[in-house]
Structure formats: structure tokens, C-alpha cells
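The values are calculated or read from the model by the stated rules, or taken from the named source; none is laboratory data. Small disclaimer: the values here were computed from a predicted structure and weren't measured. Note that we place each Cβ from the backbone using ideal geometry, even for glycine, and neighbour counts take in every protein chain shown.
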Amino acid sequence: GRPGLLGAVLGRSEAHVVRLALIYALLDHSHEIGITHLKGALALWDYAARSGAFVFGDSTGDRAADEIWRAISTREEGITRSEIRDLFDRNKTKAEIDAALTSLVAAGRIERGVITGRGRPAEVWSARPISN
């Protein structure tokens, strides 16, 4: 399935398509679901999926995670934890930021790296490459 809010909305698509096909069969006064009913149900579900993608985009359903994702996805070099805190004008707790980062990692959208140099190593978060 798809991750994020869109995945939650479109979950269990097979079961929904069968139910839609059943409704089409009933409207046809048919005693069994035919191929035309299934094709119609699939066409409707495809339309719903495309509409959902338009409405929800790549939203996770978590405002903090969505804001972090927008910032990370526009910067090839990634962003540091300090820059993430600054996104929220330092008004999010470490726990809130950690929860948002954890959900983005679990969804396969971002990865953590470390930059070493002078002083303490810096944590950097970047978008994961899209795999086909």
C-alpha cells in the first residue's frame, strides 16, 4: 500500500472494488458479478485514487512531519537538526521532532546521516533516493 494519509484513505482497495462491483451487479439485477461490473468498479476506484492523490498529495497526516518533509525534499544536501528546530521557530520539543522524524524514516522518505568536521559531529537528514 501507499504510505501516509493517502495510504490510509485508499487502504483495502481490493475489498472496496469487490463491494463496488457487487453494487453494480445489483443495479443490473444480476445474480452474479460479471466482468463488466468489475471493470466499472476498477474504473471508479482508479478515479478515486487519482482524486485522493490530488487532494492529499504526499501528506503524512502529521503537520510537523509534513513541514519537515517539505524542507528536506527541497534541499539535496539535507538539513541539520538545528535547521529542523528553526523550521518551527524552536517551538517544538525534541520528542515532537523525534516522532516526526521517526514517522518519515518508517515511511521510507528520509534517512539520517552524520557530518564530521571541526567540533561535534552534526546530524543531517536527507530525502531517500526513490527506488523503482
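Of the numbered conditions (1) modelled with pLDDT of 95 or more; (2) surrounded by fewer than 17 Cβ atoms within 10 Å (Cβ to Cβ), Pro121 fails exactly one; give the number of that condition.
The failed condition is (1).
Among the residues in the stretch 61-70, are any in the same structural domain as Lys92 (by TED's automatic domain parsing), surrounded by 14 or more Cβ atoms within 10 Å (Cβ to Cβ), closer than 20 Å to Ala100 by Cα and touching a strand residue (DSSP E or B) at 6+ places or on another chain (Cβ under 8 Å)?
Taking every residue of the stretch 61-70 in turn, at least one turns out to be in the same structural domain as Lys92 (by TED's automatic domain parsing), surrounded by 14 or more Cβ atoms within 10 Å (Cβ to Cβ), closer than 20 Å to Ala100 by Cα and touching a strand residue (DSSP E or B) at 6+ places or on another chain (Cβ under 8 Å).
Which pairs do you get when a residue that is among the basic types (Lys, Arg), found in the stretch 103-122, comes within reach of a residue that is outside any loop (DSSP other than H, G, I, E, B) and surrounded by 10 or more Cβ atoms within 10 Å (Cβ to Cβ), reach meaning Cβ atoms under 7 angstrom, with the pair 6+ apart or on two chains?
Pairs found: Arg109/Trp69; Arg109/Ala127; Arg112/Glu123; Arg112/Trp125.
Does Ala49 fit the bill of being under 22 Å from the mean Cα position of the chain (by Cα), surrounded by fewer than 16 Cβ atoms within 10 Å (Cβ to Cβ) and of a type in the set (A, V, I, L, M)?
When the stated conditions are applied, Ala49 passes them.
Can you report the number of residues in the stretch 9-34 which are within 23 Å of Asp58 (Cβ to Cβ) and either of a type in the set (Lys, Arg) or touching a residue at least 12 places away in the same chain (Cβ under 8 Å) (or both)?
5
Any chance you could count how many residues in the stretch 1-51 are in contact with a helix residue (DSSP H, G or I) (Cβ under 8 Å, 6 or more places away or on another chain) and closer than 29 Å to Trp69 by Cβ?
12
Go through the stretch 49-70 and count every residue that is among the hydrophobic types (A, V, I, L, M, F, W, C) and modelled with pLDDT of 90 or more.
Counting residues in the stretch 49-70 that are among the hydrophobic types (A, V, I, L, M, F, W, C) and modelled with pLDDT of 90 or more gives 4.
Return the total of residues in the stretch 77-132 being of a type in the set (D, E, K, R) and either under 21 Å from the mean Cα position of the chain (by Cα) or part of a strand (DSSP E or B) (or both).
Residues meeting the conditions: 7.
Just checking, how many residues over the stretch 83-92 are out of contact with any helix residue (DSSP H, G or I) (no Cβ under 8 Å at 6 or more places or on another chain) and either surrounded by fewer than 11 Cβ atoms within 10 Å (Cβ to Cβ) or among the hydrophobic types (A, V, I, L, M, F, W, C) (or both)?
Final tally of qualifying residues: 3.
Of the conditions (1) free of Cβ contacts under 8 Å to residues at least 40 places away in the same chain; (2) more than 14 Å from Ala65 (Cβ to Cβ), Leu87 satisfies every one except a single condition; which number is it?
Condition not satisfied by Leu87: (2).
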